[in-house]
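A.B. asks: This is the structure I want to talk about, given as structure tokens.
The values are calculated or read from the model by the stated rules, or taken from the named source; none is laboratory data. Just so we're clear, the structure is a prediction, and the values are computed from it rather than from any experiment. Cβ placement follows ideal geometry from the backbone for every residue including glycine, while neighbour counts extend to all protein chains displayed.
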Amino acid sequence: MTAIHTLDVGLGPRSYSIHIGPGLLGDTARWRPAISGRQVLVVSNTTVAPLYLERVAAGLEGLSWERLALPDGEQYKNMEHVARVFDTLAELAASRDACIVALGGGVIGDLAGFASACWMRGIDFVQMPTTLLAMVDSSVGGKTGVNLPAGKNLVGAFHQPRMVVADTDTLATLPVREYRAGLAEVVKYGALGDADFLAWLEDHAEALDGRADDVVAEAIARCCAHKAAIVARDETERGERALLNLGHTFGHALESTCGYGTLLHGEAVAIGMCQAAKLSTRLDMAKAGDGERLALLLKRLGLPVTPPAGLDPDELLRHMRLDKKNLGGRLRLILWRGIGRAEMISGVDEADVRAVLAD
Ligand code: NAD
Ligand code: GLY
């Protein structure tokens with residue numbers, strides 16, 4: 001039987017626990033104590049709610065609660081749909097001790113988390129992630145927010161959840177491309193800071209791709225332990241937390257250049273990590289063999305490692321110049337000195353980046 005993993009994010013009085021394993025949505029005794037008030041709003045979407053909301057509902061007996069199923073998609077992660085959460089909270093006459101439960105992937109977690117950061121200047125929320133990406137990344141660490149027409153995640157708040165409940169049974173219905181996109185974020189943790197974990201992923205690549213319960217749960221727990229440790233040291237990204245963006249500057253440029261929806265975020269990150277590795281080699285920071293090893297693992301997990309053909313390197317570079325990490329008009333990138341040793345590098349020469357993009 002697959003074990004339940006429990007770990008903590010240590011943030012003093014705002015510390016919380018993360019629970020990972022099968023059957024957790026139905027394990028009311030485990031998560032109900034995270035809800036202290038009498039009013040609850042479960043925010044989900046039209047894909048996830050019909051699959052899993054009843055499991056959560058069974059645990060809300062005796063409370064005054066409401067459900068809201070938003071339309072499914074990144075294009076709905078915006079202020080209009082935050083306002084729908086506010087309207088539903090108003091109908092519920094939600095007071096300061098109300099709680100939002102976010103049931104879904106990263107889109108729902110980010111949006112519902114942001115609404116909970118704003119309602120009455122901040123109420124509790126519980127993350128119930130249902131995608132692999134949300135289980136290993138977005139549900140942990142308190143980054144919440146929505147997109148504006150001007151750009152992605154431009155409005156947001158750091159607001160930590162009361163608990164994270166990652167029921168791995170929900171991954172059974174996740175489309176294969178979405179699942180594999182989550183695996184890219186799993187590999188990221190090994191690549192950026194844990195060579196032993198990367199070796200473990202190499203040993204378990206087939207089991208991971210086959211969604212073997214115990215291996216998937218262990219991988220999620222190891223990723224969450226990494227993220228929890230980084231968030232505990234650098235909650236608001238003054239330094240070390242930026243390492244979690246390995247492959248993301250290249251990846252975001254690819255997503256924008258190809259048009260959102262062409263590449264999933266995790267697919268773009270997989271390619272972006274390989275480009276970051278190539279640039280590190282070009283700058284004599286790391287051996288080419290490390291990048292080749294990373295690419296091989298990503299390929300075994302069904303992920304792309306090279307960009308679609310025909311992209312304009314100058315357009316990619318233009319997008320990279322807009323990255324939030326840049327300083328003083330110069331590129332600041334997460335590169336590495338080899339597997340498990342990522343570093344933030346300032347003032348990277350654009351000619352070197354362009355050469356990698358044109359490769
Ligand atoms: P998503 O939330 O759009 O989910 C992907 C798709 O899977 C959706 O169609 C969804 O309805 C569906 N789905 C979800 N769970 C399912 C299940 N169990 N079975 C069947 N279908 C299911 O995408 P995502 O990849 O989970 O999250 C991406 C979002 O996360 C982006 O908006 C990104 O900005 C954000 N993000 C936030 C952070 C953070 O730290 N806050 C980190 C990484 C990403
Ligand atoms: N996903 C990056 C972070 O949480 O900082």
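A.B. asks: Going by what's in this entry, would ALA157 be described as part of a strand (DSSP E or B), farther than 20 Å from HIS265 by Cα, among the small types (Gly, Ala, Ser) and in contact with a Ser or Thr (Cβ under 8 Å, 6 or more places away or on another chain)? Reasoning before the result, please.
C.D. replies: Numbers: part of a strand (DSSP E or B): yes; farther than 20 Å from HIS265 by Cα: yes; among the small types (Gly, Ala, Ser): yes; in contact with a Ser or Thr (Cβ under 8 Å, 6 or more places away or on another chain): yes.
For ALA157, the condition - part of a strand (DSSP E or B), farther than 20 Å from HIS265 by Cα, among the small types (Gly, Ala, Ser) and in contact with a Ser or Thr (Cβ under 8 Å, 6 or more places away or on another chain) - is met.
Here's the yes/no breakdown for (1) among the small types (Gly, Ala, Ser); (2) out of contact with any strand residue (DSSP E or B) (no Cβ under 8 Å at 6 or more places or on another chain); (3) buried (at least 22 other Cβ atoms within 10 Å of the Cβ):
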| residue | (1), (2), (3) |
| --- | --- |
| ALA150 | yes, yes, no |
| ALA157 | yes, no, no |
| THR168 | no, no, yes |
| GLU185 | no, yes, yes |
| LEU192 | no, no, yes |
| ASP196 | no, yes, no |
| ASP209 | no, yes, no |
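A.B. asks: Sticking with this one: Scan the stretch 86-116 for residues that are in contact (Cβ under 8 Å) with a residue 40 or more places away in the chain and under 28 Å from ALA181 (Cα atoms) and report the count.
C.D. replies: 15
A.B. asks: Just the residues that are assigned to a loop (DSSP other than H, G, I, E, B) and away from ligand 2 (no atom under 11 Å from the Cβ), please, taken from the stretch 218-247.
C.D. replies: The answer is ARG238, GLY239, GLY247.
A.B. asks: Given the options VAL126, VAL140, VAL136, name the one that is in contact with an Asp or Glu (Cβ under 8 Å, 6 or more places away or on another chain) and at pLDDT 95 or above.
C.D. replies: On the way: VAL126 fails: in contact with an Asp or Glu (Cβ under 8 Å, 6 or more places away or on another chain); VAL140 fails: in contact with an Asp or Glu (Cβ under 8 Å, 6 or more places away or on another chain).
Testing whether each residue is in contact with an Asp or Glu (Cβ under 8 Å, 6 or more places away or on another chain) and at pLDDT 95 or above leaves just VAL136.
Per-residue answers, yes or no, for (1) farther than 21 Å from SER346 by Cα; (2) buried (at least 21 other Cβ atoms within 10 Å of the Cβ); (3) of a type in the set (Phe, Trp, Tyr):
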position	(1), (2), (3)
ALA219	yes, yes, no
CYS224	yes, yes, no
ALA228	yes, yes, no
ARG241	no, no, no
GLY247	no, yes, no
ALA253	no, yes, no
GLY261	yes, no, no
CYS274	no, yes, no
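A.B. asks: Considering THR168, THR144, which residue is within 15 Å of ligand 1 (Cβ to nearest atom), of a type in the set (Val, Ile, Thr) and out of contact with any Phe, Trp or Tyr (no Cβ under 7 Å at 6 or more places or on another chain)? Talk me through it step by step, then tell me what you get.
C.D. replies: Numbers: THR144 fails: out of contact with any Phe, Trp or Tyr (no Cβ under 7 Å at 6 or more places or on another chain).
Just a single option satisfies the conditions, and that option is THR168.
A.B. asks: Shifting gears a bit: Check VAL231, VAL269 and return the single one that is aliphatic (A, V, I, L, M) and in contact with a His (Cβ under 8 Å, 6 or more places away or on another chain). Quick ask: steps written out before the conclusion?
C.D. replies: Numbers: VAL231 fails: in contact with a His (Cβ under 8 Å, 6 or more places away or on another chain).
Answer to the check: VAL269.
A.B. asks: Could you list, in sequence order, the residues of the stretch 162-197 that are of a type outside the set (D, E, K, R) and under 14 Å from the mean Cα position of the chain (by Cα)?
C.D. replies: At the first step, the residues of the stretch 162-197 found to be of a type outside the set (D, E, K, R) are 163-166, 168, 170-176, 179, 181-184, 186-187, 189-193, 195, 197.
Hits for the stretch 162-197 are VAL164, ALA166, TYR179, ALA181, GLY182, LEU183, ALA184, VAL186, VAL187, TYR189.
A.B. asks: Report every pair of residues separated by at least 6 positions or lying on different chains whose Cβ atoms are under 9 Å apart, first residue within the stretch 271-289 and under 16 Å from ALA358 (Cβ atoms) and among the polar types (S, T, N, Q), second modelled with pLDDT under 95 and part of a loop (DSSP other than H, G, I, E, B).
C.D. replies: As it stands, the answer is GLN275/ASP359, since those pairs meet every condition given.
A.B. asks: Just to check your reading of the model, which residue among LEU24, LEU7 is in contact with a strand residue (DSSP E or B) (Cβ under 9 Å, 6 or more places away or on another chain), more than 22 Å from ILE230 (Cα to Cα) and touching a residue at least 60 places away in the same chain (Cβ under 8 Å)?
C.D. replies: Only one candidate qualifies: LEU24.
A.B. asks: Determine, yes or no, whether ALA98 is surrounded by 15 or more Cβ atoms within 10 Å (Cβ to Cβ) and under 22 Å from ARG38 (Cα atoms). Steps first, answer last, please.
C.D. replies: On the way: surrounded by 15 or more Cβ atoms within 10 Å (Cβ to Cβ): yes; under 22 Å from ARG38 (Cα atoms): yes.
Against the criterion (surrounded by 15 or more Cβ atoms within 10 Å (Cβ to Cβ) and under 22 Å from ARG38 (Cα atoms)), ALA98 qualifies.
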